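*Asks:* Below you'll find the structure I mean.
The values are calculated or read from the model by the stated rules, or taken from the named source; none is laboratory data. Since the structure is predicted, the reported quantities are computational estimates derived from the model, not experimental observations. Virtual Cβ from ideal backbone geometry, glycine too; neighbours counted across all protein chains shown. Surface areas here come from the heavy atoms of the whole protein model, side chains and all, with no ligands, DNA or RNA. Shrake-Rupley method; radii C 1.70, N 1.55, O 1.52, S 1.80 Å.
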Amino acid sequence: MDFRTLDGVPLDGKRALVRVDFNVPMHEGQVSDDTRLRAALPTIERLRAGGAKTILLAHFDRPKGKRVPSMSLAPVVGPLAKLTGAPVAFADDCIGGPADKAVAAMKPGDVLLLENLRYHAGEEADDPEFARELAANGDLYVDDAFSAAHRAHASTVGLARLLPAYAGEAMRKELAALHAALGSPQRPVLGIVGGSKVSTKLDLLNNLILKLDQLAIGGGMANTFLFAQGWGVGASYCEKDLADTAREIIARANQKGCELLLPIDIVVAERIEPGAAARTRELGQVDDYDRILDAGPQTTARLNAAMDAAKTLIWNGPLGVFETPPFDRGTVSAARHAAELAKAGKLVAVAGGGDTVAALNAAGVTDDFTYVSTAGGAFLEWLEGKTLPGVEALKG
């Protein structure tokens, strides 16, 4: 992997501008989930230990270039200080007088959080002048926000043009996990792609069939593939207009030597509601009023067996409507099996995407996976084989 890290970089007395992801969930003005704050701690601790002045850059929500008080990063200061065990200063702007004054007051080992980058339109526009104003307060740049790496913004790309640029510890960990999953994986490699729409994952599917040995398709997406093969799907969600596209993907997978694992049995019900009467059906047994809502036990058992034979697993998307029991059984069974293998060192299991993370959390297995990405859009674009500007800026 060809990107610069902080290894061997002199830090003592240096002003380190660190791009972090502090776009955290808030409830009534308070941080309600500090996961992203905790993710930044290894980099902050490394910089502090090296005697650097750590200046944190982040965005919150979408103020669209205007100062919106409800989108201030000020509420992050207290929780972050508690996590770091040290004071965290705050400047009410990320450039100009307030930022300059706060940085000038710093001593080696200090931590400063600057106000929301997106209060300035120049951030999302990657405006060179805005990037220069940010860079004026730094000696080096550290990108620790993989979740923003798919955006060519001033704080992800512009700064890397102006200052020596390095990957932070969270960025390094994410890139190492992704490299292990698709860049240079142990084979065989198995993928699981679920979710409702084929239309939103065409790039993903077309890239993965070039990289994987097996690809299991679940969720509402699988209904479109089943329909394309002539199976009845009843009243299920199905993108019937994409039947030709699904058949093309099946043909391309066969041509590239990627075995597609489509459902061989399914769980159906008439309504999506907790505790609904669920019935297992073979393919060809779906009634007109049935809705396919989960993978069946035979499908899940075959998927678990595929995991047993694989060395690497990459997972994006649930197998069914996991938010509504009993339609979570397929996803939970597969997630727990993957976690057991990963915990035993038999499988490199990497997962990501909002619904995927929620499903793994619901199954109680997130910590047992090799790596679970919370990067959302950046993770998906990486799976699609797209170039991520924020990562490219760190290469050299």
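*Asks:* Which value in deg cm²/dmol, rounded to the nearest 500, describes the helix-derived mean residue ellipticity at 222 nm for the chain, given -39,500 (n - 2.57) per DSSP H run of n ≥ 4 and division by the residue count?
*Replies:* Only helices count here, giving -10000 deg cm²/dmol.
*Asks:* Among Leu226, Leu163, Leu83, whose mean-square fluctuation peaks in a Gaussian network model of the chain (Cα, cutoff 10 Å)?
*Replies:* Comparing Leu226, Leu163, Leu83 in the GNM, the peak value goes to Leu83.
*Asks:* Based on the alpha carbon coordinates of the chain, what radius of gyration and maximum Cα-Cα distance (Dmax) apply, in Å?
*Replies:* Values for the chain (Cα only, Rg and Dmax): 23.2, 72 Å.
*Asks:* To the nearest 10 square angstrom, how much accessible area does Ser32 have with a 1.4 angstrom probe?
*Replies:* Ser32 exposes around 80 Å² with every protein chain in place.
*Asks:* Taking the chain as a Gaussian network, where each spring joins two C-alpha atoms under 10 Å apart, which residue of Ser70, Ser196, Ser147 fluctuates the most?
*Replies:* Of the options given, Ser70 has the highest mean-square fluctuation.
*Asks:* Sticking with this one: Calculate how many DSSP beta bridges within the chain are antiparallel, expressed in % of all such bridges and rounded to the nearest 5.
*Replies:* In the chain, DSSP labels about 20 percent of beta bridges as antiparallel.
*Asks:* Keeping all protein chains in place and using 1.4 angstrom, which order do His153, His27 fall into by accessible surface area, from largest down?
*Replies:* Order by accessible area, largest first: His27, His153.
*Asks:* What part of the accessible area of the chain, given as a whole %, is carbon or sulfur when the probe is 1.4 angstrom?
*Replies:* Taking all protein chains in place, the chain shows 49 percent carbon and sulfur surface.
*Asks:* Pull up the cross-link candidates among the lysines for Lys173, meaning alpha carbon to alpha carbon under 29 Å and not fewer than 8 places away within one chain.
*Replies:* Qualifying lysines at Cα under 29 Å: Lys14, Lys53, Lys82, Lys107, Lys201, Lys211, Lys311, Lys343, Lys346, Lys386, Lys395.
*Asks:* Additional query: Relative contact order for the chain: what is it in percent, counting Cα pairs under 8 Å that are at least 6 residues apart?
*Replies:* 16 percent
*Asks:* Another question, if that's okay. Are there any trypsin sites (Lys or Arg not before Pro) in segment 57-148 that are in a DSSP loop and have at most 14 other Cβ atoms within 10 Å? List them by number.
*Replies:* Here the sparse-neighbourhood loop sites are Lys64, Lys66, Arg67.
*Asks:* Ignoring ligands, DNA and RNA, how do Arg291, Arg15, Arg247 rank by accessible area with a 1.4 Å probe, largest first?
*Replies:* Listed by decreasing accessible area, they come as Arg247, Arg291, Arg15.
*Asks:* Okay, moving on. Working with all protein chains in place, sort Met71, Met221 by solvent-accessible area computed with a 1.4 Å probe, largest first.
*Replies:* Met71, Met221
*Asks:* Quick one: how many Å² of Thr387 are accessible to a 1.4 Å probe, rounded to 10?
*Replies:* 100 Å²
*Asks:* Any chance you could tell me what percent of the C-alpha pair distances in segment 218-287 go past 18 Å?
*Replies:* 41 percent
*Asks:* For segment 1-68, what is the charge dipole size about the Cα centre, in debye to the nearest 20, if Lys and Arg each add +1 at the Cβ and Asp and Glu each add -1 at the Cβ?
*Replies:* With Lys and Arg at +1 and Asp and Glu at -1, about 400 debye.
*Asks:* For a quick check of understanding: with a 1.4 angstrom probe and all protein chains in place, what accessible area in square angstrom does Glu259 have, to the nearest ten?
*Replies:* Estimated to the nearest 10 Å², Glu259 gives 90 Å².
*Asks:* Please work out the Cα center distance from segment 340-376 to segment 172-245, rounded to the nearest Å.
*Replies:* Result: 17 Å between the Cα centres.
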